[in-house]
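Right, one structure below, let's go through it.
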Amino acid sequence: MRTVPLGSTGRQVPNVVLGLMRIQQLDDDAVRELVRTGRDAGIDFVDHADVYGDDLHGCERRFAEAMRLTPSEREQLTIQSKAGIVREGPYFDFSYEHLVESVEGSLQALGTDHLDVLLLHRPDALVEPDEVARAFDHLESSGKVRSFGVSNHTPGQIELLKKSVRQPIVANQLQLSITHAPIVAQGVAANMAGEDQSLTLDGGGILDYCRLNDITVQAWSPFQAGFFTGVFLGSDDYPELNAVIDRLAAKYDVPPIAIAVAWITRHPAGMQVVLGTTTPERVAGAAQGSDLPLTRAEWYELFRAAGYRVP
């Protein structure tokens, strides 16, 4: 398992992450097998959020109940969670009170005294950076959160936070797959009149911004065709792409899911791929894409086969 820097923390973390948003209905043995499969592949980084599960903190609680981590086992894992979504609305709340209350709930549900990483879960249009800064200062000084990041934020939104927040933003979790790649594709087709691909959808080059500012990009929904429109792997909607994926999978002797992961991990930004599957076999297969050496020609062939234009 290849590792990448976690922002400016000086820590190295695996470039494949075990996302646990769907474990609520799994029994203890299934949760343990899923985590064990990831650990065997070198994945010691797990991703949670307070809103994952049938009830608030449901998946965090399910994880803790199944794993029953000893203190030493806990220290071997990087546990990341997210806060900011109020799903009863739904709406977003980055107030001091909500962020602190959410983290307290996550710590109790997870049975731990700290989160390694806390992400702000999608942007809050009503954000007050001073409120976020006060929450981050409290959570850091009390030892409850060690590092902080965001998800789905634009460069301008991050800059706004940085006016008040003194902790470095170490990660930005963004949707990215071969077929849902505007953060990559826009840069390839920049300044092309009349070409939809050239439109800036992320506030001005979020991928380059993260690279320039030592912010680790975490790619969520790495197998989704679009914005929650189903997976592209094996889909009849993407025959050309799947033909290329299958040919490369045969060449490298890996399952197709590894090629989908490798398209992301091959990028020099040093991104992390956040898996959402609850199938151990898919976790093991995806992990094989961690350090798969796709050539430039192969990477661009996948890009073109997904429907993007290379001028």
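The values are calculated or read from the model by the stated rules, or taken from the named source; none is laboratory data. Nothing here was measured: the structure is a model prediction, and the numbers come from that model. Note that each Cβ is placed from the backbone with ideal geometry, even for glycine, and that neighbours are counted across all protein chains shown.
When Val254 is tested against the conditions (1) part of a loop (DSSP other than H, G, I, E, B); (2) among the aliphatic types (A, V, I, L, M); (3) under 30 Å from Leu26 (Cα atoms); (4) in contact (Cβ under 8 Å) with a residue 60 or more places away in the chain, the lone failure is (4). Within segment 127-137, identify whether any single residue is among the aliphatic types (A, V, I, L, M), outside any helix (DSSP H, G or I) and surrounded by fewer than 17 Cβ atoms within 10 Å (Cβ to Cβ), and answer yes or no. Checked against the condition, which is being among the aliphatic types (A, V, I, L, M), outside any helix (DSSP H, G or I) and surrounded by fewer than 17 Cβ atoms within 10 Å (Cβ to Cβ), segment 127-137 yields no hits at all. Annotation note: Cβ proximity below 9 Å between a residue of segment 163-178 that is farther than 18 Å from Gln80 by Cβ and a residue that is assigned to a loop (DSSP other than H, G, I, E, B) and among the basic types (Lys, Arg) (sequence gap 6+ or interchain) occurs for no pair.
Restricting attention to segment 49-61 and to residues that are in contact with a strand residue (DSSP E or B) (Cβ under 7 Å, 6 or more places away or on another chain) and closer than 9 Å to Ser106 by Cα, the residue that is surrounded by the most Cβ atoms within 10 Å (Cβ to Cβ) turns out to be Glu60.
Does Leu119 satisfy the criteria of being buried (at least 17 other Cβ atoms within 10 Å of the Cβ), outside any helix (DSSP H, G or I), under 18 Å from the mean Cα position of the chain (by Cα) and not β-branched (Val, Ile, Thr)? So Leu119 passes the test. Scanning segment 257-287 for residues that are touching a residue at least 40 places away in the same chain (Cβ under 8 Å), closer than 13 Å to Met1 by Cα and over 16 Å from the mean Cα position of the chain (by Cα) turns up just one, Ala284. Contact annotation: residue pairs with Cβ atoms under 8 Å, 6 or more positions apart or on different chains, pairing a residue in segment 215-244 that is over 26 Å from Leu118 (Cβ atoms) with a partner that is of a type outside the set (A, V, I, L, M, F, W, C) and in a strand (DSSP E or B), are Gly230/Gln224; Val231/Gln224; Phe232/Gln224. Filtered by the rule that a residue be modelled with pLDDT under 75 and in contact with an Asp or Glu (Cβ under 8 Å, 6 or more places away or on another chain), segment 187-234 gives Gly187, Ala189. Suppose the filter is surrounded by 17 or more Cβ atoms within 10 Å (Cβ to Cβ) and in contact with a Gly (Cβ under 6 Å, 6 or more places away or on another chain); does Ala249 pass it? No, not satisfied.
Can you say whether Leu34 is crowded, with 16+ Cβ neighbours inside 10 Å, touching a residue at least 60 places away in the same chain (Cβ under 8 Å) and either assigned to a helix (DSSP H, G or I) or touching a Gly at 6+ places or on another chain (Cβ under 8 Å) (or both), as far as the supplied structure shows? Taking the combined requirement at face value, the residue satisfies it.
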